[in-house]
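Structure first, then comments.
A short reminder: the numbers here are calculations on the coordinates, not readings from a lab. Just so it is clear, the structure is predicted and the values come from calculations on it, not from any experiment. Backbone-built Cβ (ideal geometry, glycine too); neighbour counts: all protein chains shown.
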């Protein structure tokens, strides 16, 4: 994206920037700067990522042997419940939008901040209050319903702090809604002069689609969890058949949000990949409009496929068929994106820097995750693999292989902008490789386990499944190491890293046209946009 | 000891090879596209690697033809998955009429199973090779799911309603039964074994039972015990609908709708009699919610079913006495495609 403002030369020591403009705890906790709020989120979600990871590690250690010998079954059930709750609601959903989206959307559209800076800060506080409720539940004995809170287990049978956990998620939902609202208004009203919709970076398009889901879907989960809480306390008979309720109704309501929520997690990562692939191929994206509209198509179709979680819940055969058909349709926009990213690389100038390594990993793993999703959309096969390790493997390929790979790729890509420092390239490439190997070793054997029939959420399992479980646990330890290394060198680089130039990747993105780290107002002179995004070749070489 | 490393589940039902064939088709298509993308990414990454810091490649022009190709081709391929998968699903959900009935009640954390002739089992299921078996299932507490991997068969077991699934075992042997819907503390202990037996061995097992009475006969006793027969009778004194010949027939309701008198309807009519009032009758029947266990209701359903000598409902009416043992004499069903 060509902009009028291009700094002439790098100052050796950056002047005032958003990091050094003010110091002290108050300057952070009361900030209205979207960049500082992004860092507040970064610190919080990093904590939850490692907490959720710790639960995962304990789960994998338990599954090292067939007998339930490390922890008791009650504890095991709490571990996988808290792993799911923490990773989904307190890490994955806020991860890319609240950190990278918050930091970058105003910069990518040439704005000083989001449309509602105070609301943005409020979102973070709401998130923290919600997290506090859920953490209270964890500390006071946990909850053992599974992150899915299926009724009547959650309303009538489960032990533990179901209500506190649900209240935490309910509250955190408002943080999501407000963030989505803020993004939508910002993207509509605060674009720089000349920045038309089809000149927007694809990162912005994917966050726009994500925001739509956040605003439209989150209220449904909020109401659903409220119903669970109310039923548990007052025995209203909404879901419990003993009181005249319908237990399957809960599943409809829950998945009406929670399936689109999968797209809240993956769409922003797709946005990151579009930015990384173009920058490190020095090419404009292949099929810009197809990639942009694919995001919107995913957001819209994503609301129509919830019934594919219920193929064996006794719903009508014909309802199953409709949901199966719609689920295949939602796969197509994802396939379009993968093909376009691959085509973008054709005859590019491809750099093997760390963000691009994560993009390679993302494309491969997301492809496997997406294709195995087709197995689950296929009715006759889903009956067998439903609720087995096959589905555990599938969604971890999307959530970990896709969303977290995208998040890490994005963190490396924008780290120079965020911190003003370069991360150590050698270590970063090494960690990316470790993550890729560890990930596949952890989750690939689970596809095999699932088709063999090992059900998910099993504390103990028949001995013939042990070898594959040992492989998975070994992989999880490697993956854990792969996640710790970047935390160390990111922290190290804050103090010892080389100063980052404004645009170390020679990207055309507007966020790279200001200093690293940027000043509080982002651009000393408001930029004017005069062309499409991702124009690397000279004008004469680009057609269309 | 050499570690045991199975990579593929045993195929022990008529459905299993069909599910596996579709699975291998999906696997082949997925492997093709995964490899295609992986090879292209790696090839481009090497072939077009950056050779100098200053190089700038020519821009992409896009291609409508390519975009259409990689939209339409995947769409067509996924439609083949859809059609094939839907066909199998349809067959899985349509039990043959001559299937033997087995009733299952799930509870935290065990499976209680009962054969038509009355044999009860807990966490074990004996079935003969070659006979279609239809499972009618419900739960006493939370949602469970009855899963036999070797049969590629699974269905949720839901409190407050009946769900159904069927299979035809093809290979003698012992196979896992798992509960696959998370159901609380001892979820992973809610497991069992299905013993698939040769028909003769199965007969021997059946007759070796402890002389338990058939479901329908037990239901008949309950019917008297709860005095159902004072209203549901076959004469002018009847204050409730006559139940003889009712099962499987359409019922005209007061609100003008018509429902089929199936297991689900009978269960509901016992527990919530006024939910679907039959045309021409007063809502005078009391609810039996909490008075009859899920197993008792299943026995009543079996009894009412036995009052209708329809093809396939194996037990003929045998008032007061033991129903004859149900043997499947009909020819084996065609294997589903």
What nm value, rounded to one decimal, do you get for the distance between residue B:277 and residue A:494 when each label is placed 7 Å out toward the C-beta? 7.2 nm
For the stretch B:215-306, what is the relative contact order in percent, using Cα pairs closer than 8 Å and at least 6 residues apart in sequence? 39 percent
Longest principal axis of chain B (C-alpha) makes with the long axis of helix B:16-47 (C-alpha) an angle, in degrees to the nearest 10, of 20 degrees
At a Förster radius of 30 Å, what calculated FRET efficiency corresponds to the Cβ-Cβ distance of residue B:205 and residue B:94, to the nearest 0.05? 0.60
Can you tell me which of B:152, B:49, B:91 moves the most in a GNM of chain B? Springs connect C-alpha atoms under 10 Å apart. B:49
When you take every Cα atom in the stretch B:215-306, what is the radius of gyration, and what is Dmax, the widest Cα pair distance, in Å? 12.3, 34
Give the Kirkwood hydrodynamic radius (Å, one decimal) of chain A, defined as one over the mean of 1/r across all pairs of different Cα atoms. 23.9 Å
Using a 10 angstrom cutoff on alpha carbons, build the Gaussian network for chain B and name the most mobile of B:65, B:186, B:112. B:65
What distance in nm separates the two pseudo spin-label positions at residue B:66 and residue A:32, each 7 Å out from Cα along the beta-carbon direction? 4.7 nm
Test item: A:463-476 mean partner chain Cβ contacts at 10 Å: 2
Any idea how far apart residue A:139 and residue B:252 come out in nm if each label point goes 7 Å out from Cα toward Cβ? 6.8 nm
Residue exposure sequence - B:54, A:382 - by fewest surrounding Cβ within 10 Å: B:54, A:382
Virtual paramagnetic centre 7 Å along Cα→Cβ of residue B:32, amide N under 17 Å, in the stretch A:354-389: A:368, A:371-372, A:374-375
Calculated on alpha-carbon atoms, Rg and Dmax of the stretch A:121-192 in Å: 15.9, 55
The stretch A:54-92 to the stretch B:113-182: how many Å between their Cα centroids? 29 Å
Can you work out the FRET efficiency for the pair residue A:119 and residue B:260, with r the C-beta to C-beta distance and R0 = 41 Å, to the nearest 0.05? 0.15
How big is chain B on each of its three principal axes, counting only the C-alpha atoms and giving the largest first in Å? 98, 58, 43
Based on the mean of other Cβ atoms within 10 Å per residue, sort peptides A:243-254, A:328-339 so the most packed one is first. A:328-339, A:243-254
Going by alpha carbons, how many degrees (0 to 90, nearest 10) lie between the helix axis of A:202-234 and the longest principal axis of chain A? 30 degrees
Relative contact order, percent, chain A [alpha-carbon distance under 8 Å, six or more residues apart]: 21 percent
Can you figure out the FRET efficiency of residue A:226 with residue B:54, using R₀ = 45 Å and their beta-carbon distance, to the nearest 0.05? 0.15
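Give the average, rounded to an integer, of partner chain Cβ atoms located within 10 angstrom of each Cβ in A:147-157.
Taking all residues of A:147-157 together, the mean is 3.
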Nearest 10 degrees, 0 to 90: what angle lies between the long axis of helix B:64-92 and the longest principal axis of chain B (Cα atoms)? 20 degrees
Name the shape class, rounded, prolate or oblate, that the alpha-carbon gyration tensor gives for the stretch B:184-229, where a ≥ b ≥ c are the square roots of its eigenvalues, rounded holds for a/c under 1.5, and otherwise prolate holds if a/b is larger than b/c and oblate otherwise. oblate
Count, for each residue of B:67-75, the Cβ atoms from other chains sitting within 10 Å of its Cβ, then give me the mean as a whole number. 5
Output the relative contact order of chain B, whole-number percent, from Cα pairs under 8 angstrom with separation of 6+ residues. 17 percent
What percentage of all Cα-Cα pairs in the stretch A:224-274 are separated by more than 12 Å? 68 percent
Spatial separation of Cα centroids for the stretch A:476-513 and the stretch A:189-222, in angstrom: 26 Å
